[in-house]
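Here the structure is laid out as structure tokens; the discussion comes afterwards.
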Amino acid sequence: MKIIETPLKDCYIIEPTIFEDERGYFFEKFNEKKFEELTGMNGHFVQDNISKSSYGVLRGLHLQKGDSAQAKLVSCIEGNVLDVAVDVRENSATFGQWFSIELSRENKRQLYIPRGFAHGFAVLSKTAVFAYKCDNFYDKSSEGGILWNDKDLNVDWQLPVEDIILSDKDKVLETFALRNF
């Protein structure tokens, strides 16, 4: 397992070591002990989630507030997604900055997103199955988020605007300037 720092503080790309032969492949998807040794971050997760979406679906930018904040370890099991993390920790040197990475079945990369970040992804392939591990349980009363097309953040989702499909909830999220995190 290789840990790659992103431009955002405490946000890491995890690249597995893949063992491949004529039978197929094997890799260790996550190792809590190795992760903690390499990053100094807690890698204990309590909830796994899976979503399936079609091309153009954009989910985000979501977060959990307060004591219900969640760190996430995300990956794409099938298809391709553009994954986006936004640092919303006001005391962070990278506050208000975002990072994106393409996650796919082929590259088998994962992104570790610490607590205090907003997160979202857009489906770039015909369909995608997206997995994320969370270090805290979901709490509906602690939901928050940032509008996907916020002008202050100016995230490049790598999709034509006319192809983007949003949930009703994601259409009315707050702007970054009006945040209530």
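The values are calculated or read from the model by the stated rules, or taken from the named source; none is laboratory data. Computed from a predicted structure; not experimentally measured. Every residue, glycine among them, receives a Cβ derived from its backbone with ideal geometry; neighbour counts consider all protein chains shown.
On the given criteria, is SER100 surrounded by 15 or more Cβ atoms within 10 Å (Cβ to Cβ), over 24 Å from ASN31 (Cβ atoms) and modelled with pLDDT under 95? For SER100, the condition - surrounded by 15 or more Cβ atoms within 10 Å (Cβ to Cβ), over 24 Å from ASN31 (Cβ atoms) and modelled with pLDDT under 95 - is not met. Are any of the residues in the stretch 147-159 part of a strand (DSSP E or B) and of a type in the set (A, V, I, L, M)? Scanning the stretch 147-159, I find no residue that is part of a strand (DSSP E or B) and of a type in the set (A, V, I, L, M), so the answer is no.
Exactly one residue out of PHE130, PHE176 is modelled with pLDDT under 95 and either part of a strand (DSSP E or B) or in contact with a Leu (Cβ under 8 Å, 6 or more places away or on another chain) (or both): that is PHE176. Figure legend. Inter-residue proximity from the stretch 119-141: first residues within 15 Å of GLY60 (Cβ to Cβ), second residues in a loop (DSSP other than H, G, I, E, B) and hydroxyl-bearing (Ser, Thr, Tyr), beta-carbon distance below 8 Å, spacing 6+ or different chains. Indicated pairs: VAL123/TYR55; LEU124/TYR55. Only one of these is of a type in the set (A, V, I, L, M, F, W, C), touching a Ser or Thr at 6+ places or on another chain (Cβ under 7 Å) and surrounded by 15 or more Cβ atoms within 10 Å (Cβ to Cβ): CYS76, CYS134. Name it. Only one candidate passes the filter, namely CYS76. Among the candidates SER92, SER51, SER75, SER100, the residue that is within 23 Å of SER141 (Cα to Cα) and polar (S, T, N, Q) is uniquely SER51. Quickly run through the stretch 82-100 and pick out the residues that are more than 22 Å from PHE45 (Cα to Cα) and β-branched (Val, Ile, Thr). Selection gives THR94 alone. In the condition set (1) more than 16 Å from the chain's Cα centre (by Cα); (2) over 14 Å from PHE176 (Cβ atoms), ASN107 is compliant with all but (1).
One residue is enough: does the stretch 31-42 have a residue meeting the conditions under 18 Å from GLU102 (Cα atoms) and among the polar types (S, T, N, Q)? Checked against the condition, which is being under 18 Å from GLU102 (Cα atoms) and among the polar types (S, T, N, Q), the stretch 31-42 yields no hits at all. Scanning the stretch 44-66 for residues that are over 15 Å from the mean Cα position of the chain (by Cα) and at pLDDT below 95 gives HIS44, LYS65, GLY66.
Tell me whether the stretch 40-59 contains one or more residues that are without any contact (Cβ under 8 Å) to a residue 24 or more places away in the chain and either surrounded by fewer than 17 Cβ atoms within 10 Å (Cβ to Cβ) or among the basic types (Lys, Arg) (or both). Scanning the stretch 40-59 turns up at least one residue that is without any contact (Cβ under 8 Å) to a residue 24 or more places away in the chain and either surrounded by fewer than 17 Cβ atoms within 10 Å (Cβ to Cβ) or among the basic types (Lys, Arg) (or both).
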